[in-house]
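*Asks:* Take this structure first; my questions come after.
Quick note: the coordinates plus some simple rules give every number you see, no bench work behind them. For clarity, every value in this text was computed on a predicted model and none was experimentally measured. Here the Cβ positions follow ideal geometry from the backbone for every residue, glycine too, while neighbour counts run over all protein chains shown.
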Amino acid sequence: MLECKEKTIDGHEYQVTQFPAMQGMKIAVALAKLFGAGIGGAIGSGSVAQVMNMDVSGIVAGIFEKLDEEQTPKLILRLFSSTHRDRRELNEVNFNDAFAANYGEMIKALKFVLEVNYGGFMGALEQAKLIGDQPSSAATEN
């Protein structure tokens with residue numbers, strides 16, 4: 001069942017409903033294409049601490065650094081597709097009204113969307129043994 005989380009950001013009430021699995025995976029692929037090297041390197045290192053310390057804020061910042069003026073708004077609208085601000089859906093028209101000259105709030109809201117939808121991702125990787133504290137080679141030699 002999809003959960004809905006609420007949070008007040010800069011005096012506005014946000015409701016974020018988790019993405020359905022297929023939509024969430026598609027967006028995750030788009031994000032992974034942007035940040036694959038950083039995420040892959042952290043996972044490949046085998047260090048839980050390195051992966052768990054990857055801050056959602058870094059992903060938000062990277063969205064603006066790695067994309068162009070056409071792709072960034074499209075990805076952000078996809079990320080906000082299950083979000084309401086003051087009970088209004090954040091579609092393209094409402095997005096423009098809500099965030100005109102208000103980019104700080106937009107970044108905070110975007111961070112909340114990522115936390116709701118992907119916050120448990122790193123923990124799931126660890127549980128699936130895709131990452132974890134690997135024994136050092138010295139510890140495995142006899």
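*Asks:* I want the local charge near residue 74. Using Cβ-Cβ distances under 11 Å, sum +1 for each Lys or Arg and -1 for each Asp or Glu among the other residues.
*Replies:* Details: positive: 78; negative: 68, 69, 70, 92.
Once all neighbours under 11 Å are counted, the net charge is -3.
*Asks:* Another question about this same structure. Could you go through the range 21-26 in sequence order and give the Karplus-derived ³J(HN,Hα) for each residue, using 6.51 cos²θ - 1.76 cosθ + 1.60 with θ = phi - 60°, rounded to whole Hz, and x for Gly and Pro?
*Replies:* 3, 5, 5, x, 5, 4
*Asks:* Next up: At a 10 Å Cβ-Cβ cut-off, how would you order 89, 3, fewest neighbours first?
*Replies:* Listed from fewest to most nearby Cβ atoms, that is 3, 89.
*Asks:* Between residue 32 and residue 91, take the C-beta separation as r, use R0 = 30 Å, and let me know the FRET efficiency to the nearest 0.05.
*Replies:* E between residue 32 and residue 91, to the nearest 0.05, is 0.75.
*Asks:* For residue 72 and residue 8, calculate 0.36 nm times their separation in residues minus their Cα-Cα distance, and state this gained length in nm to one decimal.
*Replies:* So the chain would gain 20.6 nm between residue 72 and residue 8.
*Asks:* Using the 10 angstrom Cβ neighbour count as an exposure proxy, how do 79, 31 rank, fewest first?
*Replies:* The most exposed by this proxy come first: 31, 79.
*Asks:* Read phi for every residue in the range 94-111 and hand back ³J(HN,Hα) as whole Hz from Karplus 6.51 cos²θ - 1.76 cosθ + 1.60, θ = phi - 60°, with x for Gly and Pro.
*Replies:* So the J values, rounded to whole Hz, are 5, 4, 4, 5, 5, 10, 4, 6, 9, 6, x, 5, 4, 5, 4, 5, 4, 4.
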